[in-house]
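No value in this document is a laboratory result; all are computed from the given coordinates. Computed from a prediction, not measured in an experiment: that's the story for all the values here. Ideal geometry is used to build each Cβ from the backbone, glycine not excepted, and the neighbour counts take in all protein chains shown.
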Amino acid sequence: MKQFLVRLTARSGREAGGAVEFRGSGVSFARAVEKKLLRAQVTSVEQLLALNERELRSLPDIGPVTVSSVIATLAEAGLSLAADPYEAYECARHSDVARDAELRSYFLCNSCRDAYAQLAFGARSPEWVSSERVEGYCGHCNELRVVRLSQWFLCGTCDRVVRSLGRGLASAKFVESVWADTFRGTSELSLRETDPVELRPRGRRSDVDRVSTADFVADDASGKAVLGIELKSGRSALAGDGIGNTMPQFQLDTTDCDDITAAAITLNVPVFLVHAQVIGRAHAPTERYEGVGLWFARPWDMLQHLEAVRRRPRETRDAAYFKTAMFRPFAEFPAYMKDQFWADFESMRRDGFPLLYQR
Ligand SMILES: [Zn+2]
Ligand SMILES: [Zn+2]
């Protein structure tokens with residue numbers, strides 16, 4: 001054993017005189033680590049330092065405990081394993097290495113690029129920003145501006161989340177404008193956004209704000225809440241409005257259903273599920289989001305249109321699958337408000353908010 005240590009120190013010119021001694025839980029563990037390295041034909045410190053962590057781990061009989069012991073021992077001697085040219089990148093949003101983290105590209109205006117860095121990626125500036133200034137639509141604020149291609153390392157999940165924010169912002173603006181057009185001169189109801197789309201790092205949202213409010217609240221002339229809206233946006237249409245084929249089923253995470261119920265109870269008013277169809281239109285090389293269809297579902301109609309509750313494919317979340325017939329074009333909302341809403345409102349006061357799904 002001593003010989004091995006001597007041999008390791010003697011052959012390495014890089015150590016500052018310190019012996020590389022494998023420690024772990026006691027001498028026997030240290031010996032076991034040495035033996036494993038020797039058996040894997042690693043007989044000198046130089047040879048060890050030429051390996052990266054992935055290569056070391058791939059040697060026969062070398063497990064994660066041995067690897068971390070080797071790394072810790074080398075670190076004590078001021079040494080480290082070689083850098084891995086195929087090391088996984090760290091996702092800028094969830095701040096951990098991820099095998100599927102790669103350079104993701106976004107066309108962003110200057111203020112949205114700063115907001116991404118400051119609010120979503122822990123002040124990490126982009127890995128790369130194009131020097132070319134393009135007149136096009138910002139992928140976040142959806143405004144026609146001078147934009148530049150900006151890249152960060154992101155995992156697939158975080159990339160999808162970040163991309164959905166621009167669509168979500170466009171969708172919220174679309175709802176506000178449809179609401180204004182639909183109710184112009186006919187209603188005292190004013191819409192306010194209560195849960196705006198925000199850039200934030202993963203997990204930086206307390207469960208408390210999560211359940212307490214809907215996306216929008218409509219107030220009467222005295223400022224009293226009358227109803228809430230939970231907005232979902234997607235690329236597909238439903239019957240009676242929108243562009244292209246209608247989706248066969250509407251899936252909603254059961255946690256989203258629970259959020260609607262929780263918001264209705266907190267606000268003590270009915271909360272309606274609203275679906276906005278938001279599609280991308282090319283303004284090469286950028287894309288503009290455009291809202292082209294809007295529908296609402298009356299909460300009392302949801303349970304009777306429930307087809308199944310099951311696990312989403314490849315995910316750990318449960319979703320409720322509804323027949324799309326529960327939705328009506330939003331153009332019918334003023335008539336519904338006039339003819340049926342107040343009776344529904346009374347029934348909620350009397351019997352509570354209806355069940356939206358059941359297993
Ligand atoms: Zn922008
Ligand atoms: Zn991530």
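Descriptive notes on the structure:
- Listed from fewest to most Cβ neighbours within 10 Å, the set TYR357, TYR336 follows the order TYR336, TYR357.
- Here LYS232 is the anchor, and the aspartates and glutamates within straight C-alpha reach of less than 12 Å, apart from those fewer than 8 places off in the same chain, are ASP215, ASP253, ASP256.
- Assuming charge only on the beta carbon of Lys and Arg (+1) and of Asp and Glu (-1), the dipole of segment 171-294 about its Cα centre is about 380 debye to the nearest 20.
- Neighbour-count ranking [beta-carbon atoms within 10 angstrom, fewest first] of TRP152, TRP342: TRP342, TRP152
- Nearby lysines by direct alpha-carbon distance to LYS35 (threshold 22 angstrom, same-chain neighbours under 8 apart not counted): LYS2
- Value of [θ]222 nm, deg cm²/dmol, for the chain, DSSP H segments ≥ 4, -39500 (n - 2.57) each, nearest 500: -9500 deg cm²/dmol
- Sorted by Cβ density within 10 Å, fewest first, the residues ILE62, ILE260, ILE243: ILE243, ILE62, ILE260
- Comparing LEU189, ALA237, GLN304 along the charge dipole axis of segment 165-351, the residue lying farthest to the positive side is ALA237, per the Cβ-charge model.
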